[in-house]
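A short reminder: the numbers here are calculations on the coordinates, not readings from a lab. On a predicted model such as this, the values are computed, not experimentally measured, just so you know. Here the Cβ positions follow ideal geometry from the backbone for every residue, glycine too, while neighbour counts run over all protein chains shown.
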Amino acid sequence: MRSTSIGAASPLKLWFHRFSFVLLVTTAFAFVLIGRADVAAVSKLRMWLADLIAPVAVAVSQPVDATRQAVSDVEAYIALRSTVERLQRENDELRLWHSTARNLQAENLALREMLKMTPDPRASFVSARVVADSSSGYVRGVIALAGEAQSVTKGQIAMNGVGVVGRVQEVGKNVSRILLLTDINSRVPAIVERTRDQAILAGNNTDLPQLRYLARDADIKVGDRIATSGAGGAFPSGLPIGEVISIENGRIEVQPLADLARLEVVRIVNYRLTGILKRELDVDTAGGSGRSRTSTTGGVGAAD
Amino acid sequence: MIWVDLGERISKLARNSVPALLTLLLLFLTVMPWRPIAAPLAGSLVLVSIYFWSLHEPQAMPAWLCGAIGLIGDLLGVAPLGVGTMSALLVHGMANIRRRDVSRSGQLTVWGLFALVSLVVALVAWILASIANGGWVDMESAGHQFMLNIAAYPILAYLFGRTNRLLKRS
């Protein structure tokens with residue numbers, strides 16, 4: 001640089017520089033403590049920035065999205081034949097399941113009728129595009145393009161086509177931050193599907209969350225499926241989470257069903273478990289408005 | 001005469017803002033949903049950029065700007081609040097230790113020094129993240145960050161060097 005401004009620095013200037021640097025470092029440390037205290041203003045500021053940045057993130061990702069689309073199109077074309085074969089096989093299998101499911105549903109309904117059981121709360125959902133994935137070594141989370149304006153609230157569950165992804169942690173006007181299952185702060189009441197043993201699925205910032213607080217006599221095996229347990233009332237029960245992939249010295253690792261590193265669209269599900277919404281406002285949002293909102297959030301169609 | 005001066009000023013301003021814009025762009029790239037690079041790399045690109053520009057073009061990368069970029073990263077959720085800010089500031093601060101001697105030395109030396117800086121930053125970030133989480137976090141993350149920093153440096157430094165030469169010529 002031909003700049004002359006960095007020529008001879010006077011001692012005063014140097015002192016000022018050092019002082020301001022120390023001040024900045026102190027401020028950064030203060031931020032750590034403020035963040036620890038979980039101040040509402042910080043959350044607000046964070047979501048305000050996320051709201052501001054979301055359009056930029058969308059714009060930046062456009063060329064990448066286009067390229068990716070083109071590549072996957074070519075790949076899909078090449079794999080067409082084997083894909084068709086695979087789908088046909090799957091279709092046969094699913095038909096069988098379909099008829100089984102119908103039988104079970106009818107049976108279930110009849111049994112429920114006999115028991116006079118209250119039906120499960122109906123769910124509504126918003127499909128939202130993931131615009132930023134802020135996962136790093138220290139945090140696992142994504143920012144999705146749906147917020148207060150789409151009646152997303154804190155604590156709601158985010159899923160994708162295959163399983164639970166995480167939970168809404170912070171909500172902005174048009175964006176929300178979703179804490180993934182793998183984050184160190186994520187705790188999800190879970191159940192082992194086969195044995196009905198209760199436990200807590202705890203994230204640890206690695207790709208594999210751990211199953212903790214499982215009863216000592218619990219019989220758990222590699223390959224067991226884990227679902228939400230509904231304990232605590234924050235999650236509805238029976239939502240698929242993942243599969244146990246390793247058990248070592250009491251350390252049980254679970255592979256989430258959803259590919260958390262490649263989230264593109266999430267469904268933010270509102271099961272109204274906490275009864276926040278008033279009954280008189282309780283319009284049926286299960287299908288219609290969930291989908292219509294989708295178009296306003298720029299989300300992609302619901303993957304049902 | 002005034003116009004010439006103004007034009008020169010504008011071009012200088014533009015040149016000076018390139019490093020910051022480039023760093024912000026890298027930050028955005030690291031938070032893109034379907035990134036080709038793995039999660040722990042988020043942050044590495046930004047830290048390398050801050051180190052490079054603090055070392056070679058300090059007037060374009062003042063301390064407050066480093067802090068601001070780190071803070072934006074934190075607010076975007078890349079790291080617990082303050083951790084990214086502190087990392088960015090530390091990288092900047094350490095890049096300024098005997099800056100002129102370092103910036104004139106060979107590429108390999110600079111790389112080695114950056115590895116040292118990364119080690120310190122990874123340790124501090126690990127301690128701060130533990131404070132923010134209210135309990136020790138896995139050291140693995142810090143280790144990954146450290147190794148990725150070192151791996152990312154030569155490629156990015158090469159690209160930045162080309163950019164810098166281009167800027168100086170313009």
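At a glance:
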read-out: Cα centroid of segment A:101-157 to Cα centroid of segment B:83-133, whole Å; value: 43
read-out: Test item: A:254-262 mean partner chain Cβ contacts at 10 Å; value: 1
read-out: Estimated 222 nm signal from helices in chain B, with DSSP H stretches of n ≥ 4 weighted -39500 (n - 2.57), rounded to 500; value: -26500 deg cm²/dmol
read-out: Principal semi-axes in Å for segment A:88-165 [√(5λ), Cα gyration tensor, largest first]; value: 35, 21, 11
read-out: Whole-Å semi-axes of the protein assembly as shown's equivalent ellipsoid (Cα gyration tensor); value: 47, 24, 22
read-out: Cα-based radius of gyration of segment B:79-170 once divided by 2.2 N^0.38 Å, which approximates compact folds; value: 1.23
read-out: Relative packing of peptides A:257-268, B:45-56, B:61-72, A:42-53 - highest average C-beta neighbours within 10 Å first; value: B:45-56, B:61-72, A:257-268, A:42-53
read-out: Under-18-angstrom lysine pairs by C-alpha in the protein assembly as shown, whenever the two are 8 or more apart or on separate chains; value: 5
read-out: Crossing angle, helix B:139-169 versus chain B [Cα axis fit, 0-90 degrees, rounded to tens]; value: 10
